[in-house]
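> A single structure is presented below for examination.
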Amino acid sequence: PPRRLPSVYARTEYRMAQVHVGKKSFSRRPFMQIIEYFEDGKKECWIEKIGSCDWGAAKYLAVLLKDGRFETVLGTGGKLFLLCDGDKLVSFVTLTHQDCIDDIRLFPWLGFVFTAPEYRGHRYSEQIISHACEEARRQGHEKVYLATDHIGFYEKYGFVYIGNRPDTGGEDSRIYFK
């Protein structure tokens with residue numbers, strides 16, 4: 001498996017070691033990096049890739065980015081981290097002041113956590129979430145929150161379940177912190 005991503009702001013890179021199986025050796029994922037969307041020059045490319053994901057929330061995120069409403073909806077100073085395998089989008093997560101739970105006491109929020117189907121099962125979401133959590137700590141936050149309908153997924157990454165609340169769309173969401 002890949003080693004943990006180092007904690008470096010804006011653009012983080014890592015290379016995976018060669019894998020040895022019997023007498024054969026091969027390299028998996030020779031080059032991956034974490035990009036902060038708002039500091040990258042290929043915004044239109046990333047909007048297209050996010051919008052083509054097979055998840056409705058990703059399509060909504062792409063609309064927010066394209067229409068310039070990311071900060072209006074999610075608060076100022078938000079970040080969008082992209083884990084990339086060359087020019088392929090592997091995984092992404094937002095770190096924002098607001099999310100789908102209307103409670104000004106809880107922030108920052110991790111949101112829009114997604115990993116492309118062909119990359120699932122390798123804990124890439126854990127790597128991008130860890131990067132976002134480290135950024136929140138650098139900003140002085142002791143906790144991060146997330147809202148989801150998943151059960152058992154975020155607990156394995158150290159998140160603690162707080163309780164359920166209706167989100168801004170009226171659906172029941174599980175609230176976690178780390």
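> Percent of alpha carbon pairs in the stretch 66-178 separated by more than 25 Å?
Everything past 25 Å amounts to 19 percent.
> Anything over 25 Å Cα to Cα? Flag those among Lys59/Lys178; Lys43/Lys88; Lys59/Lys156; Lys43/Lys143; Lys59/Lys79; Lys59/Lys88, in the order listed. Numbers along the way, then the final one.
Numbers: Lys59/Lys178 27 Å; Lys43/Lys88 14 Å; Lys59/Lys156 27 Å; Lys43/Lys143 29 Å; Lys59/Lys79 17 Å; Lys59/Lys88 17 Å.
Check vs 25 Å cut-off fails for Lys59/Lys178; Lys59/Lys156; Lys43/Lys143.
> Which residues does a label at Tyr60 reach in the stretch 137-157, if reach means a backbone N under 17 Å from a point 7 Å past the Cα toward the Cβ?
Counting backbone N atoms under 17 Å from the label point, the list is 146-150.
> Calculate the FRET efficiency for Glu44 and Glu71 from the Cβ-Cβ distance with a Förster distance of 22 Å, rounded to the nearest 0.05.
Numbers: r = 18 Å, r/R0 = 0.82.
FRET efficiency, Glu44 to Glu71: 0.75.
> Please report the net charge: other residues with Cβ closer than 15 Å to the Cβ of Arg69, K and R +1, D and E -1.
Result for the local shell: 0.
> Still on this structure, I have one more. Can you compute the label reach from Phe31? Point 7 Å from Cα along the Cβ direction, backbone N cut-off under 16 Å, restricted to the stretch 88-125.
Within reach of a label on Phe31, which here means backbone N under 16 Å from a point 7 Å along Cα→Cβ, the stretch 88-125 contributes 88-90.
> Rounded to whole Å, give me the distance from the Cα center of the stretch 25-89 to that of the stretch 125-145.
17 Å
> For the stretch 76-178, state which chymotrypsin sites (Phe, Trp or Tyr not before Pro) are in a DSSP loop and have at most 15 other beta carbons lying within 10 Å of their beta carbon.
Filter output for the stretch 76-178: Phe153.
Where a number appears in this text, it was derived from the coordinates with a stated rule and is not lab data. Treat the numbers as computed from the prediction; the structure is a model and nothing was measured. All Cβ positions, even for glycine, are placed from backbone atoms using ideal geometry, and neighbour counts span all protein chains on display.
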